[in-house]
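The values are calculated or read from the model by the stated rules, or taken from the named source; none is laboratory data. Since this is a predicted model, take the numbers as computed values, not measurements. Using ideal geometry, Cβ is built from the backbone for each residue, glycine included, and neighbour counts are taken over all protein chains shown. Side chains included, ligands, DNA and RNA excluded: accessible areas come from the protein's heavy atoms. Shrake-Rupley method; radii C 1.70, N 1.55, O 1.52, S 1.80 Å.
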Amino acid sequence: MSTTKNQIVKNREDLENTIDKAIKKVHGSKENDLCKYLPGPSGGYMHHFTMKKLKKTDPAQLDELLQEFVVASDQPKALDPKPRAPRGSRKRRDIISFTRTDIERVLELAREAGDKDLLSKFSPKRSLPALKRELIRSIRENRLCPELWTSYSESIAALEATSQLD
C-alpha cells in the first residue's frame, strides 16, 4: 500500500479508537450519542448526519473535535440543540392583502373603464331583497345605476337556475 493509504487507514483506526473512548466517557451506547457533545457549524450540537459525513470526508477533523470536546475534557458537557423558530411563525409572503380603500379604488377605476365583469367580481354580494331596496331607492331618486340593475338581474337568473335544479 502507498503511504497515503497507510495514513488513511491509520487515521481511521485512530478515529475508531477515539470514538470508542468518547462513547465510554459519555456512557453512551452508539456513535450518535456523541453528537450532543460536538458543536455544530450553525449553533447547537452537531446533527448525526453531519457527523457521519465528517467521518467519511474528514476523519482527522472529527478526531480533533472528539479529542477536544469529549476525550480531553474533564467532564464533557452536552450542548443545547440549535434554537428553532416556533411553529406558525413563518410569514407567508405570497398573499396580497387589500384594504377597503384599495378595493374601492379598483371599483371606481372599473366603473370609469366600464368593466362590468370586474365590478361584479369585486362588489360585495348582496341579498335579493337588499338589491330590490337599493334599486327602488335609486329609481325614486331618479338615479341611473347600471351595475345595480346587472347585479339584480344576475341574482334573479341565479335564483331561477337553482329553482330549476330542484
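Pull up all non-local amide H partners of TYR45: gap of 5 or more, or a different chain, and H-to-H distance under 5 Å with H placed in the peptide plane.
Residues meeting the criterion, in which the H sits 1.01 Å from N, are GLY40, LYS82.
Taking Cα centroids, how far is segment 32-64 from segment 141-166 in Å?
That distance is 70 Å.
Under unit Cβ charges (Lys, Arg +1; Asp, Glu -1), what dipole magnitude, rounded to 20 debye, does segment 30-129 have relative to its Cα centre?
Working: 21 positive and 15 negative charges, 130 e Å.
Here segment 30-129 has a charge dipole of around 620 debye.
Just to confirm, what accessible area per residue do you get for the chain at 1.4 Å probe, in whole Å²? List each step's numbers first, then the result.
Values: 13170 Å² over 166 residues.
The answer is 79 Å² per residue.
Considering Cα pairs under 8 angstrom that are at least six residues apart, work out the relative contact order of segment 40-106 and quote it in whole percent.
Numbers: 24 pairs, mean separation 23.5, N = 67.
With pairs under 8 Å counted, the relative contact order is 35 percent.
Grab the DSSP H runs of the chain that are 4 residues or longer, score each as -39,500 (n - 2.57), total them, divide by all residues and round the 222 nm result to the nearest 500 deg cm²/dmol.
Values: 7 runs with 95 residues, N = 166.
After summing the helix terms and dividing by residue count, I get -18500 deg cm²/dmol.
Determine the share of the chain's accessible area contributed by carbon and sulfur atoms, expressed in whole percent, with a 1.4 angstrom probe. Show your work: numbers first, answer last.
Values: 7030 of 13170 Å².
Carbon and sulfur atoms account for 53 percent of the accessible area of the chain.
In degrees between 0 and 90, to the nearest 10, how far off the longest principal axis of the chain does helix 100-113 point, with axes built from Cα atoms?
In the chain, helix 100-113 runs at an angle near 50 degrees to the longest axis.
Taking the structure as given and computing Cα Rg over 2.2 N^0.38 Å, which label from (1) 1.41; (2) 1.27; (3) 2.36 fits?
Looking at Cα Rg over 2.2 N^0.38 Å for this model, the match is (3).
Counting only trypsin sites (Lys or Arg not before Pro) that are in a DSSP loop and have at most 13 other C-beta atoms within 10 Å, tell me the longest site-free stretch of the chain. Don't jump to the answer; show the numbers that get you there.
Details: sites that count: LYS30, LYS77, ARG84, ARG87, ARG90, LYS91, ARG92, ARG93, LYS125, ARG143.
That would be 31-76.
For segment 13-94, state which GluC sites (Glu not before Pro) are in a DSSP loop and have at most 10 other beta carbons lying within 10 Å of their beta carbon.
Working: sites: GLU13, GLU16, GLU31, GLU64, GLU68; in loops: none.
Answer by residue number: there is no such site.
Can you count the Lys pairs in segment 40-102 with C-alpha separation below 26 Å, eight or more apart or on different chains?
Pairs that pass both the separation and distance tests number 9.
Be a star and scan segment 125-143 for residues whose amide nitrogen sits under 20 Å from the point 7 Å along the Cα-to-Cβ vector of ARG111.
Only 125-127, 130-143 pass the distance filter.
Counting other Cβ atoms within 10 Å of each Cβ, which GluC sites (Glu not before Pro) in segment 119-166 have at most 12 and sit in a DSSP loop? Provide the component values of the computation, followed by the final result.
Working: sites: GLU134, GLU141, GLU147, GLU154, GLU160; in loops: GLU141.
Filter output for segment 119-166: GLU141.
Give me the extension gain from SER163 to LEU128: residue separation times 0.36 nm, minus the current Cα-Cα distance, reported in nm with one decimal.
Going from the current span to full extension adds 11.1 nm.
Counting pairs of alpha carbon atoms under 8 Å apart in space and at least six apart in sequence, what relative contact order in percent does segment 98-166 give?
25
Can you list the lysines whose alpha carbon sits under 29 Å from that of LYS132, skipping same-chain ones fewer than 8 residues off?
Cross-link targets: LYS116, LYS121.
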